Amino acid sequence: MNESKAICCFLPSRSTEKMEMAELHAHLNGSLSSRTLHALRQLQNSSDSEASGDSWKKCEAIINHGNERTLDECFQLFSVVHSLTSTPTAVSKATDDVIEEFEEDGVIYLELRSTPRCIDGVMTKEQYVEAIVKSIRKANISRNILTKLIVSVDRQRGLTEAEENVLLAVDMHSKYPDIVVGIDLSGHPCKGNIEDFLPLLENARSSGLKLSLHCAEVPNVDEVEKILKFEPHRIGHGTCIHPNFGGSEKLWNMLSKSGLAVEVCLTSNLKTKTIEGYEKSHLGPLLEQNIPVILSTDDKGVFATTLSEECRIAAETFSLTRMWMCEAMLQSVSYTFTTEDEKNKLVHSIHKFMNSSGCS
Ligand code: 5GP
């Protein structure tokens, strides 16, 4: 992974095949394409009060903006999307489409994450998770992409909800150990006290769930230190850890020595203005320090991106070769929340691709 400054030759050397990729940081409701949002609207029908009439017109304006969405619109879109995934059928449709689109992009392994939601009289949190699991199970049989589920805890929604979600995740993990594999801590990075959540997350870990925690999206030296000491399996974003990005030398050293991988979501960071430009992003110091990075989309629908686009941006910005990118994908596989057998199969598949495209 030291050839990060090598000459840029990201284009395939012999083949036009899509690169085989692993996506480890994708929020389900942030990943819905405009096509899916429109289909969900049809499914929901105008009889539903939550997204009807004027409210739907506003939603449509945001959806149709596509690449031109402003930052505010990106965030408004989360609540729009939530209003459209408010039944088990809609949640299943959303999951089906997201898996299909990642597969079309060349993703062979996907870890989807989502916050269980209940809608009074319509859907319990269990039904929400079951709907996702059902779609994943179907796709794992019929598609050339392996998908797992990470249950999210939204730090903005308080401790009672967090407790509920962790208990549900533990329960679902024991019911579907091949699909429900981890816990994510996400939601507004300025809300909630991290110390309140750590004991819950520890319980999840001791029940066999893996942990990926959003960390350092905004500068917060104290909190980042607590998260790094807690040693989750991976961290999301890790934007403000380097001293030049609102972190500190101490934190940077801790991260460097930890062996933790950082899930880097460049377009999301740019559009939410947590980085000033791709070339000025924290990916530069991460590569220089040889810290494992996992290129990811975060919310491919909301931020109008794809994983291949994130790889292209990283490659062009930091002169990364196609060989580097394939090795980065192999490294991503080593950080997946899968079994050894599944990891070996993914590695084999990527090696095969590397051989066939002259990348080995
Ligand atoms: P869902 O969990 O409903 O499937 O996906 C949307 C949710 O993921 C959002 O409501 C938010 O809690 C979380 N999320 C999506 N993108 C980000 C991000 O960039 N940072 C954080 N902290 N949370 C996010």
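The values are calculated or read from the model by the stated rules, or taken from the named source; none is laboratory data. As the structure is a prediction and not an experimental result, all values here were calculated from the model. Don't worry about glycine lacking a Cβ; one is built from the backbone with ideal geometry, like all the others, and counts go over all protein chains shown.
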In the stretch 269-298, anything within 12 Å of the ligand (Cβ to nearest atom) and either modelled with pLDDT of 95 or more or more than 19 Å from Val218 (Cα to Cα) (or both) is listed as Ser296, Thr297, Asp298
If I ask for residues that are small (Gly, Ala, Ser) and surrounded by fewer than 20 Cβ atoms within 10 Å (Cβ to Cβ), which ones from the stretch 254-301 would you list? Ser256, Ser258, Gly259, Gly277, Gly284
Please go through the stretch 214-254 and give me each residue that is on the phi > 0 side of the Ramachandran plot and in contact with a Leu (Cβ under 9 Å, 6 or more places away or on another chain), ordered by number. Ala216, Glu231, Gly238
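Run down Ile179, Ile194 and say which single residue is in contact with a strand residue (DSSP E or B) (Cβ under 7 Å, 6 or more places away or on another chain) and in the same structural domain as Ser308 (by TED's automatic domain parsing).
Details: Ile194 fails: in contact with a strand residue (DSSP E or B) (Cβ under 7 Å, 6 or more places away or on another chain).
The match here is Ile179.
A quick yes/no check of all residues on (1) crowded, with 19+ Cβ neighbours inside 10 Å; (2) in a helix (DSSP H, G or I); (3) in contact with a Leu (Cβ under 9 Å, 6 or more places away or on another chain):
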residue	(1), (2), (3)
Phe303	yes, no, yes
Glu309	no, yes, no
Cys326	yes, yes, no
Gln331	no, yes, no
Phe337	yes, no, yes
Lys343	no, yes, no
Val347	no, yes, yes
Ile350	yes, yes, yes
Kindly indicate whether Pro232 is surrounded by fewer than 21 Cβ atoms within 10 Å (Cβ to Cβ) and either more than 23 Å from Leu198 (Cα to Cα) or under 19 Å from the mean Cα position of the chain (by Cα) (or both). no
Residue check, Glu276 against (1) over 19 Å from Leu255 (Cβ atoms); (2) in a helix (DSSP H, G or I), all met but one. Which one? (2)
Going residue by residue through the stretch 29-39, is there one that turns out to be modelled with pLDDT under 65 and away from the ligand (no atom under 15 Å from the Cβ)? no
Output the residues belonging to the stretch 141-176 that are assigned to a helix (DSSP H, G or I), surrounded by fewer than 18 Cβ atoms within 10 Å (Cβ to Cβ) and away from the ligand (no atom under 15 Å from the Cβ). Ile141, Ser142, Leu159, Thr160, Glu163, Leu167, Asp171, Ser174, Lys175
Give just the number: which of (1) at pLDDT below 90; (2) surrounded by 14 or more Cβ atoms within 10 Å (Cβ to Cβ); (3) out of contact with any Cys (no Cβ under 7 Å at 6 or more places or on another chain) does Asn2 not satisfy? (2)
Please count how many residues of the stretch 218-268 are part of a helix (DSSP H, G or I) and away from the ligand (no atom under 14 Å from the Cβ). 20
